[in-house]
Amino acid sequence: MPHQLEITLKSDLLDAEGEGVRQKAQDYFGIVLSQVRTIHLITIDADLSGEQLEKVRTEIFTNPVTQVSSYNPLPIEFDQTIWVGYRPGVRDNPGSTAVEAVEDVLGIKFGADEAVYTSKRYCLKGSSLTAEVADMIASELLANDIIQQWKIFSEESYEPSTGVGLIIPKVILNHDPTVSSIPIDSDATLQKVSNARNLALNPNDIPFIRAYFLNKKVQTGRARVGLSDPTDIELEYISQARSDHCNHNTFQGLFRYQEYAGAPVEVVDNLFKTCIEAPTLELKGKKPWVISVLWDNAGVGRFDEDHYYVITGETHNSPSNMEAYGGAITGIVGVYRDPLGTGKGSKLIMGSYGFCVGHGDYDGDLRPRLHPRRLLDGVIEGVRDGGNKSGIPTTFGQVLFHHGYMGKCLVFVTAVGLMPATVRGEPAEQKTASPGDLLIMCGGRVGKDGIHGVTASSEVFSEHTPAGHVQIGDPYTQKKMHDFLLEARDEGLIHFITDNGGGGLSSSIGESARFSNGCEVQLEKVPLKYQGLDQWEIWISESQERMTVAVKPEHAERFLELSEKHAVESTVIGTYTDSGKLHITYNGKTCAYMNIDLTESGFPQWEFDAQWQPPEERGLSEPVLGEPADYENLLLDMLSRPNICSKEWITRQYDHEVQGASVIKPLVGANRDIYSDAVVIRPVLDSQKGLAFSQALVPAYSAIDAYLMTSCTIDEAVRRLIAVGGDPEHIGGVDNFCWPNIQYHPRDNPDGKFKAAQLVRSCRALRDMCLAYGIPLLSGKDSMYVDGHLPGRYRETHKVSAPETLQFSAIGVIDDMTKCVTMDCKMPGDLLYVIGMTRNEMGASEYYEHLGHTGLTGPKVFPEQFMPVYKRLHRAIKEEFAASAHCVCRGGLAVHLAMIAMGGDCGLTADLSAVPSELVKRNDTILFSESAGRFIVTVDPDNQEQFEKIFDDVSCACIGKINGEPDFKIKGIGGKTLLDVPVQSLRNAWKDPFGGMV
Amino acid sequence: MNDIHALVLTGYGLNCDNETAYSFELAGAKATRMHINSLIDGTVRPDNFQIMVFGGGFSWGDDHGGGVVQAVRLKNNIGDRILEFIEKGNLIIGICNGFQTLVNLGLLPGFGNDYATRSVALTFNDCGNFRDDWVTLAVNPASPCIFTKGLGQMELPIRHGEGKFYSDESVISRLIDSHQVALRYVLANGEPANGAFPFNPNGSLHDIAGMCDPTGRIFGLMPHPEAFNHETNHPDWTRTRERTKRQGGKPDSGITPGIRMFQNAVDFFR
C-alpha cells in the first residue's frame, strides 16, 4: 500500500522557494499573493511497516531542526493549494535517490514494482485568489504540462484528512515487445510508413533504402537469419543515422550558389569538406599541438607534455523550447558525455552556455509555448543544476535576446575536458573496438524517453512535434559514472568508449561497431526502467546518462567490479565482431541484420538552391541620422539595453570555481561585477600553465550579411582570448551553427534560397578566418531548422525564424597564467590606449538597433592587418606592460570604455580626436561604431615607452588616462565635452535592468 | 617526522575531492582520495589516517537536503568507526556539503560528547538560489577550533544553495558561549555582516559560516578553503599584483589562507 509523506519548513523559517513563487506571480502577472508555502510530498509505493515508515520519515526525510512532516496532510493555511507532480515516465531524480536512501536505511531492496515518487504542494494565500488564477499560476509558473500534472483545491474543495489524494505516476504499458515488418513494395508505401511512424525519412533516401532491402544478395543473407522485409528496428536505425542531426546532411549537401539573382551558378559540393575539414587538416599539419580532430566526439589539443585538453560544443534547442528546464539540463549533462567519450575518456574540467531567447518583456500577440521570460528562467536553472551537480565549473556564458528566437530558442552548451597524454603507455586520444570485445552499456536505464528526439530536432517545431522527446537529465547518476569510467580508464580497461546521445544505442553501437566491422547485440539484456518497450524503442531510446564501452573479455570482471564500487549499473549487452553486419537479436530471434556500413554508403546527397541578394538589393541603406546632443542619456540607455546590461544573477548561480582551478573568473574588477573578456583556468593544479577560453555570439550582423556576422564573431572570440593573455599561435576553435531551414519551398519557405546562401557565405567566412588566423576547428556542430510556427491573436500561425547564428568558441594554452590580465582599469594615472582602427561601420550595430535602424555597412575583419596587432598585444601582456586589456565589441568604444571604468571603479578622461580612425567625422561614429580588431588597454606611465615601442608600427594611440576622480569624461572631436557622468551612474544604468534578480 | 595522512571521501556525487587532496598535499599531508564504498566495505580503514575530510559536492544530488543521505549512509554503515576515529583524537573537517553531512550526522555541534543528535541545520539560502561569490570571514580567536588557530580575517569562496545556518536561539547561545562559532561572515572592514546580503550570502543566523565541536577537532564550514589554493584563485589577484608591482614589491606567491587552514590540521599532529 502506498504512503504519502508531507514535509514542510517550520513556520518561523523563511520559505525561499515559496517566496520566489510569490515574487514571480507579482512580477510576471501582477498577481498579489500574501504568502506561498511549499510542501514536499514523498509517495512511497512500497510495502513498508509502520515502524519502517517512521524510521525513514525521521532519519531521511525530515530535518528535526528545520522541518515538520506527517503521513497525514499537513494543516498549512491556504486560499488555493496547487499540487504538482510528474507525469508517468518522467525522470524523477529525487524519487530515485529516495529509493537508494530508504534501501540503505532499512536494509531492504525495492521490488521491480516498488518506487518512490516526489511531488509538491503549494499553499497560496491571496485576497482574491480564484481557482482560475491558481490554474494560471500552475500552468505558467509551476508546471509544464509536457512533463507535469497538477490539481487545484480551494479551501472549500480540499478535504483535510485525504489532502490531495494519492497519485502514483507509474508507467504501466501492458505491452508485449513486438518486432514488425515494414512492407516496401513501393516508394509510396515506405513514405507512408515513414510519415505514420514519424521516421522523417528524406524522400530521396527512400529508393536507396528499398534498393538495399530488395537486393538479391542482401535478401539471401537476411533469409538465413529469418528476415525478409525490413523490420521496424532496422528502419528506425536508418532514420536515426540519416537524420540531419546525426549525419549533417545539410553541411554535406550540394549547394547551387548564386552571388545575386541571375549570376552564374557556382556549385559548392559539401560545405563541411571544403570549409571545415580542409582548412582544419591544412592547419593540423602546421600546428603540432593539434592532437585529434574531425572524427571523435570532441577535438583534442595539447595542454602540456603529459596532458591534452578536449573540447566540443552543441545545442539543445528543440527540447529546451518545449520544456526549458528539462531541455537545458539534458543539454549540459549530455554535452559533458562527449569529452568523457573522447579517446579513452577525459575528465570534465569546464563548461559554458549561450542562451538565445525572445525579448523578456514581449507582450505582443504571438503565443509561443513558453513565454521567453519563463523559457529563460527554465534554461538558466537547467544549466545551473546540470553543471553544479556535475562538479564542473560553468565559467563562461552569454545571453542574447532577439525576436527571432521566439520561434525556437537556442541553448548552446560547451564542454572542456582533460586527459592524460597516455594511458598505460597507449595514446589516450586513440580508441578502437576489436572483434571479440564485449559491448557494455553503463549508466542509466532505458525507458521511452527521448524517442524520436533526433528526428524532431531535424524538423520545424509545430504543434504535432511529439512531446515524448523531452527529458530531465540526471547529473548525479552521470557524475558517478564519470568517476567510475575515469578510474577504469586509468586501469587500462577501456578499449573504446562513446556516449549515448541522440539516437541512443543505435548511434553509439552503430558507430563503434564500424571500428571492428560488426557486432552482435542481445537486446533483451538492456536494463529497462519498466517493461513493455518494443525492440525498436530500446534500440533508439535516448534515455540519458549512458555510455557504450568496448572492453576486452579479460578485463570485464575488473570493469564490472569497479562499476559496482561506484554504484553504477553496467551490463554486457553484446559482442563486437568482424562479420560486417549489425546483428541484433531479442531472446535469440534476429530482429535486425544489416551491413554495418549501410548508413554511410551511397545515400543521395541533399541539394539546395542558394541565392544571395546583396544588402543594397534587399533595400538596406544607411539611415539619415543627425548627431545626438544628449550623449549622457544615450550612453546610459545603451548600457541598459538587454543585450548589453549586467546579468550577474545568472553568473552567480553557476559554480564557476569548483575544481579549485579558477584564474580569470567570469566576473572581474574592483567590485567583481563586470564581465571578463575570457576565462582562464589552471586545470593541472601544480602547473603554471593556463587554459583560456572565450566565446562570441553576434548574430545581429546577419541582417546585413552572414559572411560579416561570421567573420566578426570569430574575430571577437579571438580578441577576447588575446585580451586576457591568450597566445595567437595557439587558438583552437569550435563552430556551432544554428540556422533556419534553408530548403526552398515556394509556400513554406519562400526565402529558403537566401538563407541557404547565407549559410554558404557563413561557411566561407569560417574557412577564410580560420586559415587567416590559424585556427583549426577542433570541433563543431550544426543545428538547422531554427524556426517555429506561433499562433497569433486569431489562431492564425506565423512562422518565426531565428537570425542566422554562429556561436564561436576559442580555446588556447597560456604558458604562464600568472601573466594574465583582466579588463578592469587598475590605477589612477594609468594611460588609456585604443589599439586598432575605428571606421564608419555602424551597420547592424547596437547603436543603430537602439535607434530602430539596420544600416548597410557593418564591421569588416582584416585578419592580415589585425593579426600583427594581436601578436603585439600578446607580447605586451607577456612582458607585463599592460595593466589591463579589453576587446571593443558590441556597443562600441563608448560602452567598452564604460566597462573598464566600472571594472576599475575609477573615472577616466578620453579625447575622441586622438582615437585612431579612418574617414570618421562624427563623435557618435567613434563612440558606437563596432569596427573589429580593436582593444582598450591601460598602461602604467612607467611602461609608456616600452609599450608604445611595441605598437609603433600599428594603429595605437593614447586617448586619455584613468582618473582618481569618480567621473567618466569624454571630449569630442571638436574639443567639446560630450560626457561627464559619475561611474556610479553608469554602473546603475548597467545593473538596474536585472538588478532585482538574485 | 611521521607522515600525516588525510582521507578525502569521494563518490556519490561528491566533487571537490581532487583540489581538496591537492590542498592537503600543499599543506604537508599525504592525501588519499577514497570512495565512500571502499571505506564501508573495509578496503580502507580510518585507523591509517589522522584527518578525515568530508568535502564539497552534491552527494546523492542533495535531493533530500544537503548532506542528508550521505549522513544516513555513513551512520548506518560506519557510524561506529567514525566515532572511534574521533575518540582517538583525530581531526575531521567538513566543507560545504561535508559541513551539511557533519550536522546531519550529529557530529556537530557535539555538545557534551553527544555526537549523534541533530540540533543545528544548514538550510536553503534566503536569497532563494545557489550562489557563487567570495565572502569575507572573521575568525574567532577564542575558538578551540584547530583549523582556524592563528588565522586572521580572510576571504574565501562560497558556492552553495543550502548554507543558511539555523538553530534554536538556546543552541546558538551555547555555541557562541563555548566559542564553537569559529567563522563568521563580515563586511570587508571586518564589522559584522549582521545578515546583510551579499556579505552574509545565505541568511545564516548570527552570520555563522563555520563551527567546531567543543574539542575543536571537528570543524565544519560552508566556504571552500581548498578553492583558494593559489594566489590566482583570489578574484582581485590581477589588481593586487599591479598594485604590488607599482610599489616595487613582488607578487605574494606564499601560502594562501585556504592552505593555512589545512596546515593547522597537519601541525596539530606535529
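The values are calculated or read from the model by the stated rules, or taken from the named source; none is laboratory data. Model, not experiment: these values are computed from the prediction. Counting neighbours? That spans all protein chains shown, and the Cβs are built from the backbone with ideal geometry, glycine included. Areas reflect the complete protein model, heavy atoms only, side chains present, ligands, DNA and RNA absent. Shrake-Rupley method; radii C 1.70, N 1.55, O 1.52, S 1.80 Å.
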Segment A:183-315 - Rg (one decimal) and Dmax (whole number), Cα, Å | 20.9, 59
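Rounded to a whole number, what is D in µm²/s for segment A:826-882 from Stokes-Einstein with the Kirkwood radius over alpha-carbon pairs (10 °C, 1.306 mPa s)? Walk me through the numbers before you get to the answer.
Details: Rh = 14.1 Å.
D, rounded to a whole number, is 113 µm²/s.
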Using the charge dipole of chain A (Lys, Arg: +1 at Cβ; Asp, Glu: -1 at Cβ; taken about the Cα centre), state which of A:380, A:543, A:668 has its Cα farthest towards the positive end.
-> A:543
Euclidean distance between Cα centres, segment A:12-52 to segment A:133-192, Å = 22 Å
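Note the per residue figure in Å³ for the convex hull of the C-alpha positions in segment A:254-375. Numbers along the way, then the final one.
Values: hull volume 22.1 nm³, N = 122.
Convex hull volume per residue, Cα atoms: 182 Å³.
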Which three extents, in whole angstrom, do the alpha-carbon atoms of segment A:840-998 cover along their principal axes, largest first?
-> 42, 39, 38
How big is the accessible area of residue B:35 in square angstrom, nearest 10, if you roll a 1.4 angstrom probe over the protein chains?
-> 10 Å²
Shielded by partner chains, segment A:92-135 residues - at least 40 Å² of accessible area, 1.4 Å probe, vs chain alone = A:97, A:104
For segment B:146-270, what is one quarter of the convex hull surface built on the Cα atoms, given in nm²?
-> 8.9 nm²
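Give a quick list of chymotrypsin sites (Phe, Trp or Tyr not before Pro) in segment A:215-283 that DSSP marks as loop, anything other than H, G, I, E or B, with at most 12 other Cβ atoms within 10 Å. Write out the running numbers ahead of the final one.
On the way: sites: A:237, A:251, A:255, A:257, A:260, A:272; in loops: A:251, A:260.
Qualifying residues, ordered by number: A:260.
Taking every DSSP beta bridge with both residues inside chain A, roughly what % is antiparallel (nearest 5)?
80 percent
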Select from A:638, A:339, A:349 the residue farthest towards the positive end of the dipole of chain A; place +1 on Cβ of Lys and Arg, -1 on Cβ of Asp and Glu, and compute about the Cα centre.
-> A:339
Compute the long axis of helix A:706-724 from its Cα atoms, compare it with the longest principal axis of the Cα atoms of chain A, and write down the angle in degrees, 0 to 90, nearest 10.
-> 80 degrees
Mind listing P(r) for segment B:5-268? All alpha-carbon pairs, 5 Å bins, whole percents.
-> 1, 6, 14, 19, 20, 18, 11, 6, 3, 1, 1, 0
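Going from most exposed to least, what order do A:353, B:22 have by accessible area with a 1.4 Å probe? Walk me through the intermediate numbers first.
Working: A:353 10, B:22 45 Å².
In descending accessible area the options line up as B:22, A:353.
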Run the numbers on segment B:1-21: which residues show a drop of 50 Å² or more in accessible area, chain on its own versus all protein chains together, using a 1.4 Å probe over heavy atoms?
-> B:12, B:15, B:19
Convex hull over the alpha-carbon atoms of segment A:577-722: what's its volume per residue in Å³?
-> 304 Å³
Using θ = phi - 60° and the Karplus curve 6.51 cos²θ - 1.76 cosθ + 1.60, what whole-Hz ³J(HN,Hα) does each residue of segment A:983-992 get, with Gly and Pro shown as x?
-> 4, 4, 5, 4, 4, 4, 4, 6, 9, 4
Can you grab the distance from the C-alpha centre of segment B:144-166 to the C-alpha centre of segment B:77-92, Å, no decimals?
-> 23 Å
Along the three principal axes, how long is segment A:474-605 when you take its alpha carbons, biggest first, rounded to the nearest angstrom?
-> 44, 33, 33
At q = 0.11, 0.12, 0.13, 0.16 Å⁻¹, work out log10 I(q)/I(0) for segment B:18-135 with the Debye formula, treating every Cα as an identical point scatterer and leaving solvent out; two decimals please.
-> -0.38, -0.46, -0.54, -0.81
Derived scalar couplings ³J(HN,Hα) [segment A:422-429; Karplus, 6.51 cos²θ - 1.76 cosθ + 1.60; whole Hz; x for Gly, Pro] = 9, 10, 6, x, 9, x, 6, 7
Enter the accessible area of residue A:197 (Å², nearest 10), with the probe set to 1.4 Å and all protein chains included.
-> 60 Å²
Charge dipole of segment B:5-268 built from unit charges on the beta carbon (Lys, Arg +1; Asp, Glu -1), centred at mean Cα; most positive-end Cα among B:258, B:103, B:12 is B:258
Give the interface area between chains A and B as buried accessible surface, both sides summed, probe 1.4 Å, in Å² to the nearest 100.
-> 5600 Å²
Which residues of segment B:138-178 bury at least 40 Å² of accessible area once all protein chains are present, versus their chain alone (1.4 Å probe)?
-> B:159, B:166
For segment A:76-229, what is the accessible area per residue in Å², given a 1.4 Å probe and the full set of protein chains?
-> 49 Å²
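For segment A:928-984, what does the equivalent ellipsoid look like in terms of its semi-axes, each the square root of 5 times an eigenvalue of the Cα gyration tensor, given largest first in whole Å?
23, 17, 11
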Over 14 Å, how big is the tail of the calculated P(r) for segment A:715-755, in percent of all Cα pairs?
-> 61 percent
In whole Hz, what ³J(HN,Hα) sequence does segment B:175-184 give by Karplus (6.51, -1.76, 1.60; θ = phi - 60°), x for Gly and Pro?
-> 4, 5, 4, 8, 6, 6, 7, 8, 10, 10
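If you wrap a convex hull around the Cα atoms of the protein assembly as shown, how much volume per residue is inside, in Å³?
Values: hull volume 221.6 nm³, N = 1268.
Measuring per residue, one finds 175 Å³ for the Cα hull of the protein assembly as shown.
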Taking the Cα centre of segment B:5-268 as origin, sum charge times position over the Cβ atoms of Lys and Arg (+1) and Asp and Glu (-1), and report the length of that vector in debye to the nearest 20.
-> 560 debye
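Using a 1.4 Å probe over the heavy atoms of the protein chains, calculate the carbon and sulfur portion of the accessible area of chain B as a whole percent. Walk me through the intermediate numbers first.
Numbers: 4230 of 8840 Å².
With neighbouring chains kept in place, the figure for chain B is 48 percent.
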Give me the accessible area per residue for segment A:676-759, probe 1.4 Å, as a whole number in Å².
-> 21 Å²
Roughly how much of residue B:154 is accessible, in Å² to the nearest 10, using a 1.4 Å probe?
-> 10 Å²
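Report, to the nearest whole %, how much of the accessible area of chain A belongs to carbon and sulfur atoms, 1.4 Å probe, protein only.
48 percent
What accessible area per residue, rounded to a whole number of Å², is obtained for segment B:5-268 using a probe radius of 1.4 Å? List each step's numbers first, then the result.
Details: 8260 Å² over 264 residues.
Solvent-accessible surface per residue comes out at 31 Å².
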Could you work out how far the C-alpha centroid of segment A:631-679 sits from that of segment A:709-753, in angstrom?
-> 23 Å
Give the percent of DSSP beta bridges with both residues in segment A:327-447 that are antiparallel, rounded to the nearest 5.
-> 60 percent
Any idea what Rg and Dmax come out to for segment A:568-609 if you just take the C-alpha atoms, in Å?
-> 15.7, 50
Quick calc, chain A, dipole around Cα centre from Cβ unit charges on Lys, Arg (+) and Asp, Glu (-), nearest 20 debye, gives 1100 debye
